[in-house]
Amino acid sequence: MSALALLAIAAAGVALLLVAVIKFKIPAFLALLVVSVAVALVAGIPLPDVIKTVTEGMGGTLGSVAILVGLGAMLGKMIEISGGAQSLAGKFTQLLGPRRVIAALTAAAFLLAIPVFFDVGFIILIPIIYGFAKAAGVNPVKIGLPVGAIMLAIHVVVPPHPGVVGGAGILGADIGWTTILGLVLCIPVGVLGYFVARRLNRRDFPMLPATAEQFRLFGTGTSQVEQEAAQGTSSVAVRNQVKTAPSPAMIITLIVLPILMIMVGTVGAVILPKDSFPAQLAAFVGAPLIALLTALGLAYYFLGIRRGWSSQHTGEVMDSALAPTAIVILVTGAGGVFGKVLTVSGIGKALAEGLQTAGLPVIVMAFILAAILRASQGSATVAIITTSGLLAASVADGGFSPIQTALILVAIGFGAFGLSHVNDSGFWIVTRYLGLSVADGLKTWTVLTTILGLAGFALTFLVWVLVGGLGV
């Protein structure tokens with residue numbers, strides 16, 4: 001089959017996927033599987049190999065994704081229920097002072113977002129955002145916009161979040177380098193988000209009546225936010241479970257420790273003699289699985305048992321984190337199936353050759369494809385996984401270094417960062433809790449995420465040029 005025909009099949013497959021998810025509201029997991037099988041058949045994969053390809057694509061992706069996403073979710077749930085988020089935010093506010101509340105909460109959100117999914121993390125911080133906004137006499141949107149922006153940035157480019165972990169599995173990107181580069185690049189993106197949000201907030205946005213009433217009642221114990229908190233939706237519920245929240249130092253340690261362990265493995269692979277015992281030890285300690293298991297073991301004891309929770313209750317808290325991640329893991333695995341089909345069918349190779357003909361660097365195409373998919377179907381995770389599948393052959397045949405492959409994945413993440421609008425669940429969470437109308441949400445949240453996505457890619461591309469110039 002000609003390269004043009006294969007590319008046409010790929011385009012038709014992506015279009016069919018978007019129509020299924022957007023127009024017919026078919027679950028992304030089911031849509032990805034059906035489209036993958038259809039593409040495999042049309043592209044000429046022999047019938048006996050179709051099911052084998054689907055199984056290998058699912059298994060190969062979930063082998064690296066399911067464990068990390070599950071452990072990360074359990075660690076995040078322990079921090080959430082224990083009251084650690086409030087403790088961390090309060091400490092940052094105390095250090096930076098009441099005049100820098102927005103900067104303080106943004107900095108705290110940077111750390112909190114590493115183990116906690118975006119949607120959950122933002123909801124956790126809503127009572128804190130409301131409380132500080134009410135104390136300062138300002139609209140919650142002035143605090144919530146930069147906080148939400150940095151949390152979303154971490155969500156799309158830093159492991160153990162599902163999109164970037166799944167993309168790493170498909171592209172063969174090193175988790176350690178992806179973590180290091182993602183965190184380093186998110187720092188200037190977060191700073192920029194703070195100033196862009198402040199500029200967007202120069203005008204006052206009227207709150208929707210229902211949210212305005214919630215905000216008015218906040219602090220009286222009768223608002224919807226506080227009712228949700230009392231039911232365990234937010235970390236405020238910890239008041240009924242423990243006497244005191246964990247120290248900020250403990251929360252920071254639990255978040256930073258696995259990152260440092262992963263960095264040990266990454267750096268050790270570069271500076272230690274290959275196949276030596278120190279190199280093997282560094283690789284073992286720095287394996288994301290070992291790093292997250294270590295952090296989770298410490299959380300089990302210090303956030304649970306030591307603070308008066310029974311072993312049963314601590315286990316139940318951890319187990320409660322797994323059910324919401326099931327759909328995320330399955331969607332990620334189905335995305336891996338799509339990527340495997342594209343590779344086996346030769347579509348990925350045809351796309352790679354097309355990129356070379358068009359003269360576009362892989363990293364640029366990575367950003368563009370992810371941005372298009374994000375705008376079209378809403379889910380950043382699906383956009384990252386699908387783009388990774390489309391580019392897997394290009395990356396595999398490109399002879400890229402581990403750092404360059406990680407940068408391609410980060411570029412995909414920043415492509416999936418922007419253009420958050422009405423087809424994105426995150427858009428509705430942010431606008432609902434901050435009281436923004438759809439129009440005002442498009443003027444603020446959509447504009448902010450798009451600017452930061454472009455800025456993140458610009459920084460990523462700059463590092464790409466520097467790495468290429470240094471021959472790293």
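The values are calculated or read from the model by the stated rules, or taken from the named source; none is laboratory data. None of these values were measured; they are calculated from a predicted model. Note: ideal-geometry Cβ built from the backbone for every residue, glycine included; neighbour counts use all protein chains shown. Accessible surface is based on the protein model in full, side chains and every heavy atom, while ligands, DNA and RNA are left aside. Shrake-Rupley method; radii C 1.70, N 1.55, O 1.52, S 1.80 Å.
Among the residues making up the stretch 72-113, a single one is at pLDDT below 80, buried (at least 24 other Cβ atoms within 10 Å of the Cβ) and of a type in the set (S, T, N, Q): Gln86.
Scanning the stretch 47-71 for residues that are polar (S, T, N, Q) and at pLDDT 80 or above yields Thr53, Thr55. A single entry from Ile255, Ile251 fulfils the requirement of being at pLDDT below 85 and either crowded, with 20+ Cβ neighbours inside 10 Å or not in a helix (DSSP H, G or I) (or both): Ile255. Which condition from (1) within 20 Å of Leu448 (Cβ to Cβ); (2) in a helix (DSSP H, G or I); (3) open to solvent by 10 Å² or more (accessible area, probe 1.4 Å); (4) not hydroxyl-bearing (Ser, Thr, Tyr) is the one that Asn423 breaks? Condition not satisfied by Asn423: (2). Entry remark, the stretch 265-286: residues being surrounded by 17 or more Cβ atoms within 10 Å (Cβ to Cβ) and aliphatic (A, V, I, L, M) number 4 in total. Regarding Leu33, is this residue open to solvent by 10 Å² or more (accessible area, probe 1.4 Å), of a type outside the set (Val, Ile, Thr), within 26 Å of Ala173 (Cβ to Cβ) and over 22 Å from the mean Cα position of the chain (by Cα)? For Leu33, the condition - open to solvent by 10 Å² or more (accessible area, probe 1.4 Å), of a type outside the set (Val, Ile, Thr), within 26 Å of Ala173 (Cβ to Cβ) and over 22 Å from the mean Cα position of the chain (by Cα) - is met.
If a residue counts only when it is out of contact with any helix residue (DSSP H, G or I) (no Cβ under 6 Å at 6 or more places or on another chain), which helices (runs of 4 or more DSSP H) contained entirely in the stretch 125-214 have at least 1 such residues? Even if it seems obvious, please write down each step before you answer.
Working: elements: 141-157, 162-171, 175-200.
Because the criterion is at least 1 residues that are out of contact with any helix residue (DSSP H, G or I) (no Cβ under 6 Å at 6 or more places or on another chain), the helices (runs of 4 or more DSSP H) in the stretch 125-214 that meet it are 141-157, 175-200.
Being under 29 Å from Gly346 (Cβ atoms) and touching a residue at least 24 places away in the same chain (Cβ under 8 Å) holds for only one residue in Ala43, Ala73, and it is Ala43.
Going by the structure shown, is Ile45 of a type in the set (Val, Ile, Thr) and not in a helix (DSSP H, G or I)? For Ile45, the condition - of a type in the set (Val, Ile, Thr) and not in a helix (DSSP H, G or I) - is met. So which helices (runs of 4 or more DSSP H) stay within the stretch 314-417 end to end and still have 1 or more residues that are modelled with pLDDT under 90 and within 23 Å of Leu454 (Cα to Cα)? The qualifying helices (runs of 4 or more DSSP H) are 347-358, 362-377, 380-397. The residue of the stretch 332-345 that is nearest to Ile26 (Cα to Cα), among those that are buried (at least 23 other Cβ atoms within 10 Å of the Cβ) and among the β-branched types (Val, Ile, Thr), is Thr332.
The set of residues in the stretch 398-419 being β-branched (Val, Ile, Thr) and buried (at least 24 other Cβ atoms within 10 Å of the Cβ) consists of Ile408, Val410, Ile412. For the stretch 1-40, a tally of residues being more than 20 Å from Ala393 (Cα to Cα) and not in a helix (DSSP H, G or I) returns 5.
State whether one or more residues within the stretch 188-200 are under 18 Å from Val447 (Cα atoms), modelled with pLDDT of 95 or more and touching a Gly at 6+ places or on another chain (Cβ under 8 Å). The answer is yes; a qualifying residue exists. Kindly indicate whether Gly359 is closer than 30 Å to Asp397 by Cα, surrounded by fewer than 16 Cβ atoms within 10 Å (Cβ to Cβ) and small (Gly, Ala, Ser). Taking the combined requirement at face value, the residue satisfies it. On inspection, Val116 fails the criterion of being over 26 Å from Gly304 (Cβ atoms) and open to solvent by less than 30 Å² (accessible area, probe 1.4 Å).
Here are Val65, Val54: which of them is closer than 21 Å to Thr387 by Cα and open to solvent by 10 Å² or more (accessible area, probe 1.4 Å)?
Numbers: Val65 fails: open to solvent by 10 Å² or more (accessible area, probe 1.4 Å).
Checking each option against the conditions leaves just Val54.
Criterion first (closer than 30 Å to Gly60 by Cβ, open to solvent by less than 50 Å² (accessible area, probe 1.4 Å) and either touching a Cys at 6+ places or on another chain (Cβ under 6 Å) or not in a helix (DSSP H, G or I) (or both)) does Gly456 satisfy it?
Values: closer than 30 Å to Gly60 by Cβ: yes; open to solvent by less than 50 Å² (accessible area, probe 1.4 Å): yes; either touching a Cys at 6+ places or on another chain (Cβ under 6 Å) or not in a helix (DSSP H, G or I) (or both): no.
Criteria not met by Gly456.
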